[in-house]
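> Okay, here's the structure, questions in a sec.
The values are calculated or read from the model by the stated rules, or taken from the named source; none is laboratory data. Keep in mind that what you see is a predicted model, and the values were worked out from it rather than measured. Counting neighbours? That spans all protein chains shown, and the Cβs are built from the backbone with ideal geometry, glycine included. For accessibility, only protein heavy atoms count, side chains too; no ligands or nucleic acids. Shrake-Rupley method; radii C 1.70, N 1.55, O 1.52, S 1.80 Å.
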Amino acid sequence: MEIGKRIKNLRLSKNLTQEELGERTDLTKGYISQLERDLSSPSIETLFAILEVLGSTPKDFFDEEEHNQKVIYGELEHTFFEDEEKGYRIKWLVPESNEKEMEPVLLEIEAKSCFKSFEPSLSETFGYCLKGEVTVMLGRNEYVAKTGEAIYFHAADEHQIINQSNEKAILILVATDSYL
């Protein structure tokens, strides 16, 4: 078992530096570095202190199945929401994506309809227009994306995606800091 690698991955997932982890556990940055490179082995007491700071239990840390990441998500795992009044359907392609750094969705917007509007946020949004044409309203600016074109913006202004055309539009959207 690569204890050091697991400590490092857990530390990185909590956005902590070696120095920050060391400060919170009364260990030196150098010692944390040695642990993460498996050059040193922690005592049980030290390991439990590190795990506590990193928000993990010993059971979760040592559970082999817990560390196998899910890579493929089948269609039966997708969830969706439809707003018939506004004329859009959103399908979340990865379950629990709102707990991850990115939230990928498939968005279908009926002709002459729109997706909900969003307040400014720290999120970044990427989109790819699979079919049709959409207008991205970003603050006071309008941008039109057609089939085969990509969309990318910082969500620092109010924003909305609108289908002003006479045919259904389909696009993939991926947002950071989940807000979809």
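> Amide H of Glu149 versus every other amide H placed in the peptide plane: which residues, excluding those fewer than 5 positions away on the same chain, fall under 5 Å?
Residues meeting the criterion, in which the H sits 1.01 Å from N, are Cys129.
> Taking the Cα centre of segment 72-157 as the origin and placing charges on Cβ (Lys, Arg +1; Asp, Glu -1), which of Thr135, Leu107, His154 is farthest toward the positive end of the dipole?
Thr135
> Of Ser121, Asn166, Ser33, which is farthest along the charge dipole of the chain in the positive direction, counting Lys and Arg as +1 and Asp and Glu as -1 at C-beta?
Asn166
> Charges only on Cβ, +1 for Lys and Arg, -1 for Asp and Glu: so what's the dipole of the chain about the Cα centre, in debye to the nearest 20?
Roughly 400 debye for the chain.
> A further question on this structure: Mean-square fluctuation check for the chain, GNM, Cα pairs under 10 Å: which of Ile161, Ile50, Ile90 is largest?
Of the options given, Ile50 has the highest mean-square fluctuation.
> Just to be sure I understand: with springs between alpha-carbon atoms less than 10 Å apart, which residue in Tyr31, Tyr88, Tyr73 has the highest mean-square fluctuation in the Gaussian network model of the chain?
Among Tyr31, Tyr88, Tyr73, the largest mean-square fluctuation in the Gaussian network model of the chain belongs to Tyr31.
> Give a residue-ordered list of calculated ³J(HN,Hα) values for segment 159-166 (Karplus: 6.51 cos²θ - 1.76 cosθ + 1.60, θ = phi - 60°; whole Hz; x for Gly, Pro).
Result, rounded to whole Hz: 8, 7, 10, 10, 9, 8, 8, 9.
> May I ask you to evaluate 6.51 cos²θ - 1.76 cosθ + 1.60, the Karplus curve with θ = phi - 60°, for each residue of segment 71-80 and list the ³J(HN,Hα) values in order in whole Hz, giving x for glycine and proline?
Karplus-based 3J(HN,Hα) across segment 71-80 equals 10, 10, 10, x, 4, 5, 8, 6, 10, 9 Hz.
> Too long at a 26 Å Cα-Cα cut-off: which of Lys14/Lys70; Lys59/Lys100; Lys70/Lys116?
Pairs exceeding the cut-off: Lys70/Lys116.
> For a quick check, take a GNM of the chain with Cα springs below 10 Å and name the residue from Glu75, Glu158, Glu23 with the largest mean-square fluctuation.
Of the options given, Glu23 has the highest mean-square fluctuation.
> Calculate, for Thr17 and Glu96, the FRET efficiency according to 1/(1 + (r/R0)^6) with r their C-beta to C-beta distance and R0 22 Å; round to the nearest 0.05.
Step by step, r from the Cβ atoms, then E = 0.25.
> Find the accessible area per residue for segment 34-180; the probe is 1.4 Å, ligands and nucleic acids are left out, and the unit is Å².
Value returned for segment 34-180: 63 Å² of accessible area per residue.
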